[in-house]
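Here is the structure we will look at.
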Amino acid sequence: MQFKSTSTARSTALGASKLLVALAVWTLPAAATGPDAKGEWRQWRGPTNNGVAEGDAPLKFSDTENVKWRVKIPGKGHSTPLISGGTMYLTTSVESGTTTETGSLSAHDFLVMALDTKTGKEIWRKTAASTSPHEGYHRTYGSFASNSPVTDGEVLIANFGSRGVYAYDLDGKLLWKKDLGKLYMRNAFGEGIAPVLHGDSLIIQNDHEGQSYIVVLDKNSGKELWRAERDELSSWPQPIVVEYDGQKQLVTSSTRVRSYDLESGDLIWEAGGLGGNAIPAVVNVDNEMVIAMTGWRGANLLAIRLGGKGDITDDPDYIKWTNQRGNSYTASPVLHDGILYFVTDRGMISAFDAVSGEPHYSQQRLPNTYSFKASPVAANGKLYLASEQGDVIVLKMGKSYEVLAVNNMGDEMFVSSPVIHDGNLYLRSEDDLFCISSD
């Protein structure tokens with residue numbers, strides 16, 4: 001009798017223990033999914049898609065000071081790395097030999113790599129494709145791996161443009177791939193628009209010298225959901241998803257700014273007036289306004305209030321402000337605390353009120369002669385600008401121009417944009433990847 005009673009008690013205790021474990025597991029918060037997960041850097045322009053990081057980053061450093069690790073990256077790639085779950089993901093292309101496919105360009109291996117963010121040690125490497133490109137890229141600023149990848153913490157998308165789109169799980173298993181055909185860029189400047197993930201939608205904008213289009217694929221299968229042809233030539237700006245009045249809109253930039261219904265692909269509104277060679281990404285201002293700019297010939301900036309229908313090019317109710325001087329040509333702007341920061345290729349920085357368009361300061365010359373292709377990023381009230389000359393300039397964010405630090409990284413040249421994660425600053429140069437840490 002005593003034995004039976006003890007057994008029952010043990011069984012009851014075991015059952016209670018299992019229940020507690022089950023409840024504990026059930027109540028654990030799920031890992032955040034989506035490219036905008038807080039604390040992660042899962043997309044080119046960071047967690048809020050405006051260049052601003054969570055947390056802080058080091059203020060002072062050099063190529064020898066506060067360098068936690070430094071590793072060589074094989075080949076050449078100007079894509080910006082991503083970070084999710086303590087792993088960094090990046091793309092590159094490595095020349096592998098000659099081929100008879102084109103008779104002019106060597107064959108390349110198009111690689112996707114995963115690195116440990118704490119040590120820089122390579123975790124895995126996958127060859128997405130091995131082929132000879134049909135055309136080249138800008139000999140100074142281009143690469144065959146300039147399209148930054150994107151992840152939502154579940155699926156990793158590497159877009160090699162004319163060489164295909166590849167979806168992996170975060171352990172490097174290929175889930176699917178898709179060939180969208182060849183692109184022919186103006187003056188063979190090279191491809192480079194970063195793909196966008198929103199929910200199950202993978203968005204790819206392909207503006208080139210052939211028939212331009214934007215296409216939305218299912219991220220899980222690669223199935224084409226819709227496609228819209230575009231009357232545009234070569235451009236490189238990342239589109240953005242905004243939500244207005246319950247409707248998700250996909251806003252794109254080129255010579256015209258266009259908004260499509262994300263679900264159907266129907267055109268909602270459009271506005272003309274931008275110049276050619278559009279490159280800077282579209283910026284979302286609180287789901288109330290979008291800002292698109294060009295900095296080449298016919299440079300212009302359009303700040304557009306959402307809610308319009310049809311052609312709103314000349315409608316003052318929706319075109320809230322414009323700017324034609326000091327616009328970014330290549331680098332994408334940063335939006336923080338209502339201020340839009342943008343830098344010219346020749347190193348002049350501006351800070352405008354994003355809603356009114358009033359300049360806090362305009363075309364301020366930085367403390368040396370610099371040029372920029374990398375887009376600035378921000379953390380904890382500091383704006384980081386990685387230059388072609390190897391300096392990383394840190395400005396105080398706000399209504400007044402103030403230089404906090406000029407950090408020399410030696411002979412490095414930066415085209416990839418910086419990444420900030422977990423208090424660290426990651427800088428990808430032409431050959432090396434740095435982890436800058438004050439720990």
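When you go through GLY190, GLY181 one by one, which is the residue that is buried (at least 16 other Cβ atoms within 10 Å of the Cβ), within 26 Å of LYS76 (Cβ to Cβ) and not aliphatic (A, V, I, L, M)?
The unique qualifying residue is GLY190.
Return yes when HIS208 is at pLDDT below 95 and either out of contact with any strand residue (DSSP E or B) (no Cβ under 6 Å at 6 or more places or on another chain) or not in a strand (DSSP E or B) (or both) and no when it is not. Break it down into steps so the answer makes sense when it comes.
Details: at pLDDT below 95: no; either out of contact with any strand residue (DSSP E or B) (no Cβ under 6 Å at 6 or more places or on another chain) or not in a strand (DSSP E or B) (or both): yes.
Taking the combined requirement at face value, the residue does not satisfy it.
Quick one: in the stretch 175-200, of everything that is in a strand (DSSP E or B) and over 16 Å from the mean Cα position of the chain (by Cα), which residue is farthest from LEU82 (Cα to Cα)?
LYS178
With (1) more than 21 Å from the chain's Cα centre (by Cα); (2) of a type outside the set (Asp, Glu); (3) closer than 25 Å to PRO58 by Cβ as the list, and ASN323 as the residue in question, which single condition is left unmet?
Here ASN323 clears every test but (3).
Within the stretch 125-173, how many residues are at pLDDT below 95, within 21 Å of the chain's Cα centre (by Cα) and farther than 30 Å from ASP345 by Cβ?
0
Test each condition in (1) assigned to a loop (DSSP other than H, G, I, E, B); (2) surrounded by fewer than 19 Cβ atoms within 10 Å (Cβ to Cβ); (3) out of contact with any Leu (no Cβ under 7 Å at 6 or more places or on another chain) for SER146 and report the one that comes out false.
The one condition SER146 does not meet is (2).
The values are calculated or read from the model by the stated rules, or taken from the named source; none is laboratory data. Here the structure is a predicted model, which is why all the values come from computation and not from measurement. No Cβ is skipped: glycine too gets one built from the backbone with ideal geometry, and neighbour counts run over all protein chains shown.
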